[in-house]
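Enquirer: Before anything else, here's the structure in question.
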Amino acid sequence: MEQDLRPGLYAAIFRRRDIRRFRPDAVPDAILGRVLLAAHHAPSVGFTQPWSFVIVRDLERRREVKRAFEQEREKNAALFSGARREQFLSFKLEGILEAPLNLIVTCEAGRFGAAVLGKPGVEQVELYSTCLAVQNLWLAARAEGLGVGWVSIMSNDALRSIFSIPPEVLPVAYLCVGYAERFSPRPTLQEAGWAPRLALEQLLRFEFWGAPSEDRARALARLARDADTWREIFPHGGMPEF
Ligand SMILES: Cc1cc2nc3c(=O)[nH]c(=O)nc-3n(C[C@H](O)[C@H](O)[C@H](O)COP(=O)(O)O)c2cc1C
């Protein structure tokens, strides 16, 4: 009989967090290697595997990245005003220098030429594939007790220049990686009252876009959260919070 894959997978999914506070302990290469291998086993359009991973420990380069972050943060702050701006500025939105390790996940769309199985009309399929590699990495890291924080308040031009990334390669994700101080049960932005988690029922439509059905959506969402169905997967407790 196949091993029950559900407890570990759901635990990693529901307990994964975006992490911005790290302990200084180094990440052993054996663990980093496993996490990168998990990322590399993501699905990809036409099996193109368009990703690469830049492993960054050098503090001088990370200081340059931090300066780029600070400039972008100013621009991002300018989108908000009043109390919302104050709250934005109070958030810790990266752990570039505190995390022992930074990773850049890149996408090289034309790695095997222009003819790609599965790319007749959707331009960005390699980019989608790369984001799946990031998610694999994020979940594997969580299973290893490692926190990951995605820093998109960043300039790709700055990343290209600091890390000599060529024009045909797109920096997709700048990630801070290390042992987390803690994994909170809910997203930091939710805990701070910045944004709520939307209710699943609001996001469901049936058969076609113009057919939201509140009753069916509510029933399905209630079933999704039903404690009895989750107890089947976590019979000894440790049920995730959602
Ligand atoms: C593409 C992407 C970019 C993000 N960029 C940032 C960022 O620049 N700074 C930050 O603090 N969090 C960033 N986050 C983390 C989100 O704020 C976080 O995923 C969201 O609030 C939900 O929290 P959770 O990941 O802990 O569930 C990013 C997440 C994604 C997926």
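For every residue, the table says whether it meets (1) among the aliphatic types (A, V, I, L, M); (2) in the same structural domain as residue 36 (by TED's automatic domain parsing).
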{"position": "159", "(1), (2)": "yes, yes"}
{"position": "169", "(1), (2)": "yes, yes"}
{"position": "173", "(1), (2)": "yes, yes"}
{"position": "208", "(1), (2)": "no, no"}
{"position": "217", "(1), (2)": "yes, no"}
{"position": "230", "(1), (2)": "no, no"}
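Enquirer: Output yes when any residue across region 106-116 is out of contact with any strand residue (DSSP E or B) (no Cβ under 6 Å at 6 or more places or on another chain), over 22 Å from residue 180 (Cβ atoms), among the basic types (Lys, Arg) and surrounded by fewer than 21 Cβ atoms within 10 Å (Cβ to Cβ), and no when none is.
Expert: Scanning region 106-116 turns up at least one residue that is out of contact with any strand residue (DSSP E or B) (no Cβ under 6 Å at 6 or more places or on another chain), over 22 Å from residue 180 (Cβ atoms), among the basic types (Lys, Arg) and surrounded by fewer than 21 Cβ atoms within 10 Å (Cβ to Cβ).
Enquirer: On the basis of being assigned to a loop (DSSP other than H, G, I, E, B), surrounded by 16 or more Cβ atoms within 10 Å (Cβ to Cβ) and among the β-branched types (Val, Ile, Thr), does residue 162 make the cut? Full working, then the answer.
Expert: Numbers: assigned to a loop (DSSP other than H, G, I, E, B): no; surrounded by 16 or more Cβ atoms within 10 Å (Cβ to Cβ): yes; among the β-branched types (Val, Ile, Thr): yes.
Criteria not met by residue 162.
Enquirer: Then there's this: Count, please, the residues in region 90-148 that happen to be away from the ligand (no atom under 16 Å from the Cβ) and at positive phi.
Expert: Final tally of qualifying residues: 2.
Enquirer: Moving on to the next point. How many residues, within region 149-178, are out of contact with any helix residue (DSSP H, G or I) (no Cβ under 7 Å at 6 or more places or on another chain), among the small types (Gly, Ala, Ser) and within 13 Å of the ligand (Cβ to nearest atom)?
Expert: 2
The values are calculated or read from the model by the stated rules, or taken from the named source; none is laboratory data. These figures come from a predicted structure and were not determined experimentally. Positions of Cβ are generated from backbone atoms using ideal geometry, with glycine treated the same way; all protein chains shown enter the neighbour counts.
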